[in-house]
Amino acid sequence: MTAVRARSRVALGGALLALGFVLLLLAVWTVWPYALDGVPPGRKALSLGLTLVGIIAGGLGLSAVAARTKGLIPALIAAGLALIAVEALLRAYGVPPGLIPTPTRVMQALWNARSVLLQDARVTFVQETLVGYLCGAVLGILVALAAVRFPFLERGALPYAGLFSSIPIVALAPVIVKAFGLEWTSKAIIVAVTVFFPVVVNVVRGLQSANPLLLDLMRTYAVTPAQAFALVRVPSALPFLFNALKIASTLAMIGAIVGEFFGTEGRGLGFRIQIEAGRFNLDIVWAAIVVASVLGIAFYAIIQWIEHRYTGWHASRRTSNGRTV
Amino acid sequence: MTVLKRVPARSAGNLGPMLIVAVVVLALYWPLMLWVNAAQAQRTLDSGAELDCMTAISCATQLRNPTLPAPAQLAASFRTMSTPPMAPTSAPYNTLVTAGETLVGLIIASVLGVILAVALVASRAFERITLPWLIASQTVPVVALAPMLAVVLGQYGVQGWLPKALIAAYIAFFPVAVGVSAGLRSPDPMQEDLMRTYRASGPQVFWKLRLPASLPFLFTSLKVAATAALIGSIVAEISTISYSGLGKMLAENSRASDTLALWVIMLYGAALGIALVGVIGLVERWVTPWRAGQSR
């Protein structure tokens, strides 16, 4: 009985959702042929009404569907609805593209400027972010190992790492750019510095989180310290390391983009965003933001995939409150 | 940005080693500075510029725009930029301006973040629709949006300190939402069962159990959000037309290649970041006194 009712509710939700999409597309279609400043008032009112009803129908339908479906589907449908609604509203109100470009204009800009944006993405992502990220992470891991090995360093130097992580990196960026020049290397150094501190702090905590019982067990097995390190401490540090690497991946992109605000050789996504925003070329700005976002999400997703690959054993050891055993 | 746990700073046992490390770093700074600056000084000497020093080493501490400033230069520059403290061009005044923008941004961000977190916990469907985008937005380089937001807000007449606070709020808002929604879900199922045996109503469970349980998460994410908001307001000052603030000073002195000033502003920015996190730590101790013993 309840299953039947639930299924009919999902069917109703799906129908409402489809209706919402149709109404929103109609809302775009009614104002599509007109120039931005030339939308007749009647058409504008019609389009706004269609948009309003479409959003309500789509939203109701989506919430009914989302209660029953899992994964990314509800989020993707919501984004689709939102994009069409934005397109309709921007066109109906005649918002100039120099202020907020419509989604279709952004997609056109993305396609038209693809070679420039690809080149920018290569400089920002491959050279600055990836190189800086790898250097910062490797250095951070080495320093963390040293800090765990020598307790003096841990007590004397590690508190500074905590302090440094509350410093705004943008204040650091111009100094580094002035010191190391305009090439991509100065931005890679900014990225390395931003990545370094979270990695150090988290890896040290991870190495120390090893279960004392397990270490005692190792001792009863008479293993060497090196073996105990490799078999107990390193695995227990891995979740912390990956947590740090995920935090650092987003910080790295921010560091590279902000670094480019302070000087480049005329390439890079941050440079493109800064310079085109100054010229009110917001189509290109949005296109660059889309590229940066896709790269940022992909970077994060790759690290998460590696994490699942190498610490899959860990999830099974979680307690109900989410803390590790 | 996921929660960045912090190393306990300055517990009594660490003070000695911390001081020794600081002294060693400062002692190493001097030869490093001489080594880095000597090459630049030599080039300046070779170009035949009029300098009141003879050798590269003695000039290394007197360059106008050194890569690494000598401590005396830094101190002198610090003094000139900090006095009088409330002049519109002085660093302390501009630091306060940025601090104000960041604080307003943080307040907006925490109000919106808590509301969103409550909605996320209340409705499964809402969570499924928005949570993937919230997670994705954490990985989006949000500073990329700042120049564009500045243009849009500026054209709608939102000017002065408000756009900076809004941009700061925009950047700080997601860590708060994600942290608080994790916190609202953090009570042990046992505790929820206990509330049920007391016949507590839904709102009572929320106010008496879920909300207090979420406070530690709120403060941990507020510390992350404070750093993020500070970055946001500084980036906003760089990319909008601003007349005051650390970001405006950074942009101006970066254009003028005044590295000494950049160093001083960086120190002020660092102090502001540390102070903000420290203030949130104090509020945390005051609001959640039951955690004072274990809040490391």
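The values are calculated or read from the model by the stated rules, or taken from the named source; none is laboratory data. No experiment lies behind these values; they were computed from the predicted model shown. Cβ atoms come from the backbone with ideal geometry, glycine included; neighbour counts cover every protein chain shown. Ligands, DNA and RNA are stripped out before the accessible areas are found, and what is left, the full protein with its side chains, is counted by its heavy atoms. Shrake-Rupley method; radii C 1.70, N 1.55, O 1.52, S 1.80 Å.
Odds and ends about this structure:
- Helices (runs of 4 or more DSSP H) lying entirely in the stretch A:205-314 (those with 3 or more residues that are surrounded by 22 or more Cβ atoms within 10 Å (Cβ to Cβ) and touching a residue at least 12 places away in the same chain (Cβ under 8 Å)): A:234-261, A:269-278, A:282-310
Residues checked against (1) part of a loop (DSSP other than H, G, I, E, B); (2) open to solvent by less than 20 Å² (accessible area, probe 1.4 Å); (3) within 28 Å of A:F280 (Cα to Cα):
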{"residue": "A:S8", "(1), (2), (3)": "no, no, no"}
{"residue": "A:A11", "(1), (2), (3)": "no, no, no"}
{"residue": "A:F21", "(1), (2), (3)": "no, no, no"}
{"residue": "A:V28", "(1), (2), (3)": "no, yes, yes"}
{"residue": "A:G38", "(1), (2), (3)": "yes, no, yes"}
{"residue": "A:P74", "(1), (2), (3)": "no, yes, no"}
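- Residues located in the stretch A:170-186, provided they are open to solvent by less than 10 Å² (accessible area, probe 1.4 Å) and among the polar types (S, T, N, Q): A:S186
- Looking at A:A121, A:A79, A:A92, just one residue is more than 19 Å from the chain's Cα centre (by Cα), in a helix (DSSP H, G or I) and not polar (S, T, N, Q), and that residue is A:A92.
- Looking only at the stretch B:231-267, and only at residues there that are of a type outside the set (F, W, Y) and not in a helix (DSSP H, G or I), the one that is nearest to the chain's Cα centre (by Cα): B:G245
- So B:S186, is it in a loop (DSSP other than H, G, I, E, B) and within 31 Å of the chain's Cα centre (by Cα): yes
- Among the residues of the stretch A:264-274, not a single one is in the same structural domain as A:K187 (by TED's automatic domain parsing) and farther than 27 Å from B:M266 by Cβ.
- Test for A:L139: is it open to solvent by 60 Å² or more (accessible area, probe 1.4 Å), over 28 Å from the mean Cα position of the chain (by Cα), more than 24 Å from A:R267 (Cα to Cα) and not small (G, A, S): no
- Residues (open to solvent by 70 Å² or more (accessible area, probe 1.4 Å) and either assigned to a loop (DSSP other than H, G, I, E, B) or within 26 Å of B:L282 (Cβ to Cβ) (or both)) located in the stretch B:189-229: B:Y198, B:R199, B:W207, B:K208, B:F217
- Residue satisfying condition, being at the interface with chain B (Cβ under 9 Å from one of its Cβ atoms) and not hydrophobic (A, V, I, L, M, F, W, C), within set A:P225, A:P198: A:P198
- Among residues that are within 29 Å of B:A125 (Cβ to Cβ) and open to solvent by less than 50 Å² (accessible area, probe 1.4 Å), A:T102 is included.
- On inspection, A:V143 passes the criterion of being closer than 30 Å to B:L74 by Cα and within 14 Å of chain B (Cβ to nearest Cβ).
- Restricting attention to the stretch B:246-275, the residues that are within 16 Å of B:T227 (Cα to Cα), open to solvent by 10 Å² or more (accessible area, probe 1.4 Å) and at the interface with another protein chain (Cβ under 7 Å from one of its Cβ atoms) add up to 3.
- Taking every residue in the stretch B:252-271 that is within 14 Å of B:S77 (Cβ to Cβ) and pairing it with any residue that is of a type in the set (A, V, I, L, M) and surrounded by fewer than 18 Cβ atoms within 10 Å (Cβ to Cβ), at least 6 positions away or on another chain, the pairs with Cβ-Cβ distances below 8 Å are B:T259/A:A179; B:L260/B:L74; B:W263/B:L74; B:V264/B:L74.
- Checking A:I167, A:I190 one by one, the residue that is open to solvent by less than 50 Å² (accessible area, probe 1.4 Å), in the same structural domain as A:R272 (by TED's automatic domain parsing) and outside any helix (DSSP H, G or I) is A:I167 and no other.
- Among the conditions (1) surrounded by fewer than 19 Cβ atoms within 10 Å (Cβ to Cβ); (2) more than 30 Å from A:S8 (Cβ to Cβ); (3) more than 25 Å from the chain's Cα centre (by Cα), A:G49 misses just one, which is (2).
- Check on B:P69, within 12 Å of chain A (Cβ to nearest Cβ) and either within 30 Å of A:G98 (Cβ to Cβ) or surrounded by 14 or more Cβ atoms within 10 Å (Cβ to Cβ) (or both): yes
- Filter result for A:A109 (in contact with a helix residue (DSSP H, G or I) (Cβ under 6 Å, 6 or more places away or on another chain) and modelled with pLDDT of 80 or more): yes
- Matching residues, the stretch B:117-127, being within 18 Å of B:G183 (Cα to Cα) and of a type outside the set (F, W, Y): B:A117, B:V118, B:A119, B:L120, B:V121, B:A122, B:S123, B:R124, B:E127
- Counting only helices (runs of 4 or more DSSP H) that sit wholly inside the stretch B:80-178, those with at least 2 residues that are away from every other protein chain (no Cβ under 14 Å) are B:91-122.
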